[in-house]
Structure formats: C-alpha cells, structure tokens
Amino acid sequence: MDDKLYIKRALRLAAKARCMTSPNPMVGAVIVKKGRIISEDFHRRPGTPHAEALAIEKAGENARGSTLYINLEPCCHTEKRTPPCTEAIISAGIKEVVIGMTDPNPKVSGRGILELQKAGIKVRSGILENKAERLNEVYIKYMTTGKPFVILKIAMTLDGKIATPEGQSKWITSEKSRKMVHHLRSSVDAVMTAIGTVKADDPQLTARIKGGRNPCRIIIDPNLEIPLNSKVLQVPPETIIVTKAENSKTNNFEKSGIKMIYFKEKLDLNWLMKKLGEKEITSVLIEAGSSMNAHALEEGIIDKVMFFIAPKIIGGKESFPAVGGKSYRSLEEAYCLRDIAVRRIGEDILIEGYIVK
C-alpha cells in the first residue's frame, strides 16, 4: 500500500504542472527514507530541472540509502537541455526506485531502468500504471506516433443541435461550461477550427481565464476566405492557416506573423496531424462545426470527445447537427466510446470518453 500511496503523491505533484510541460511529460518525485518523506518536487517546464533532480537536490546527503518514487521512468539520454536523471539518482546513492510507468520515448523506453539496475539499484515498475498513463496520455500519443493527442469538443442541445438554421449558437451551454472550455483551451497546445466557424462566429479561440495560457490557433481555410478583420488573425497568440491557396494574401499574412501550412487538392487530416507534430504541437482541441467534426471522426484523428449537453431543445430539420457528414453509417459502424465519464457542469451535462480505435 505504501508504494501506491507514494506514487499517488508523485502523480499529484506531477499534475501541478498541467499545461506547462509540453512537449515534455508531467513528472513528480518523492524521496522516502525510513518510512518518512524527506523531499519531493515536480518538473515545471521544458528546459528546467527534472523532478528527480530537484527532489535529490533538496534531500542532499540524506538521499543516500533512500527510495525514490516517480510516476515516469527517469531519463538516461543526453539529447536534451538537462542532464540525465539516472546519473543524478546513481550519484545520490539512492538504493531503490519505484516507477509508475516506463517512458515511451524511444531514447529511454526501458534503458533508464536498465542503467539503474546495472548500478545495483533495485527497481520496481508498473505501480498504478493506468493512472500514470492517463496523466501523460498526451505525451504517450505524441511519443509513440509523432502526432498530437486530439480532443473533439462539442456544445449541443438535448436533441443534438449545435446551431439554429440561421447559424445562431451563442450561447447553447451555460457560463460554467464556457469557463471550463477556457480552462480546456489553456491545457492544450492548439485549438483547431474551420473557416465556416470563423465566418459565422468570429471566435478568438483564446483562454480568457486568470493565469491561462493561450493555445496556437489552427484555421482550416482551403480557399483562403478568411475575412481580414477576423479576431484569429490578431497575433499573438500564434495562428496557423492551413490552405491550398498561395497568393499575395498569404504573403501578407506571413509578413504579419501568421504561419501557413500548404496542401494540394484535398486535405488529409492525418497528414496535417503529422505536420503539427513536427512543430512540437502535442495536443489539439477541435472546436468546429458539423462538417469539420464529421471529417475529423471519419479520418480517425480523434482520441477523446467531450460533449457539453445543454437542457434545451431546438428541433427542426434545418438546424445544424453536432456531427454532419455522410448518413449511410449503420449502428454496427457507429463510433463507440470507452472509459466514459458523466458529470454536471452547472445546468449542463458533460459526457466524455475515448474513441474505440
């Protein structure tokens, strides 16, 4: 039980840096000696000391003969801005290391554990592994595929509508739900939408909360129809336009600090995710309309969905559904969710879960 308690503590410490460590993982470290915690810390942001090094520095000479609890396997490679944590652990004289999960980074992936074992340190891994994986699900997806973790967020009525026939969608959900979405934006590297949403709503796609971190905005605009006075063209924060048009307008955008990603003919969203991964964008939140939502699901880029459901009914065949696209899908072909969670957000209901691949 002590192992689980200390790993839980490491996970709680790691979570303090939520939204701040990308593209690095969230890591917490707890050093225990003779049944007592002698030091603990967590990784704060890229380029700063890792959790293990911080906790060891706090413990000083007292770290000798202790047990280190960490939610992620310690790093062992030198291709980064900070020294390998395995060296610090070995030098400190720590006798045992308990780990939540191995690091999916191919530069580590068991090598850190092996290095510690070769130095005579006892290592145990896989303690509360599921919780450790859930905490760093974004990092795991990015490290194993080179693509960002993608969340589809939809705000809709009880009858599955996201806008009236005239396109009115403000505000379907409650103020509490909208505030949560601002926190959600702050937790991801990028928010993605399509030109239809920009033209209809002129959104800012920023995190308007105290201490919030504004994500990069990604606009899918094949024919470059975006109005020049659109709020998403005001930089910072960073804006990326994905288009197949290349003309004087795109040149002017680039001069004003807007980034461009060009594609030919038809946009492949999996190709786009790979491009975003190359830019170290590890997580994307999709806030778009019926068509974009359908394309994202059809092309299999969605990892998690978050449906905010308001106690309202719009009705009408002409109202916009949450997910558009083709209508031939049978029940056997329906997108299914796993690990579903349901909770109240003010007057609304939030249903979230992971797409079964």
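The values are calculated or read from the model by the stated rules, or taken from the named source; none is laboratory data. Computed from a predicted structure; not experimentally measured. Note that each Cβ is placed from the backbone with ideal geometry, even for glycine, and that neighbours are counted across all protein chains shown. For accessibility, only protein heavy atoms count, side chains too; no ligands or nucleic acids. Shrake-Rupley method; radii C 1.70, N 1.55, O 1.52, S 1.80 Å.
Below, the figures for the structure above:
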quantity	calculated
From 53, 10, residue being touching a residue at least 40 places away in the same chain (Cβ under 8 Å), assigned to a helix (DSSP H, G or I) and open to solvent by less than 40 Å² (accessible area, probe 1.4 Å)	10
Residue list for segment 248-288, filter: within 25 Å of residue 228 (Cβ to Cβ) and among the aromatic types (Phe, Trp, Tyr)	253, 262, 263
Check on residue 18, open to solvent by 50 Å² or more (accessible area, probe 1.4 Å), over 17 Å from the mean Cα position of the chain (by Cα) and of a type outside the set (Asp, Glu)	no
Counted residues, segment 309-340 - those being part of a loop (DSSP other than H, G, I, E, B), open to solvent by less than 90 Å² (accessible area, probe 1.4 Å) and β-branched (Val, Ile, Thr)	2
Count of segment 101-110 residues which are out of contact with any Gly (no Cβ under 8 Å at 6 or more places or on another chain) and either surrounded by 20 or more Cβ atoms within 10 Å (Cβ to Cβ) or in a strand (DSSP E or B) (or both)	2
Selection within segment 207-222 - farther than 17 Å from residue 276 by Cβ, in contact with a helix residue (DSSP H, G or I) (Cβ under 7 Å, 6 or more places away or on another chain) and not hydrophobic (A, V, I, L, M, F, W, C)	208, 212, 213
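Residue-wise test of (1) modelled with pLDDT of 95 or more; (2) assigned to a loop (DSSP other than H, G, I, E, B); (3) within 19 Å of residue 284 (Cα to Cα).
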site: 152; (1), (2), (3): yes, no, yes
site: 199; (1), (2), (3): no, no, no
site: 211; (1), (2), (3): no, yes, no
site: 223; (1), (2), (3): no, yes, no
site: 229; (1), (2), (3): no, yes, no
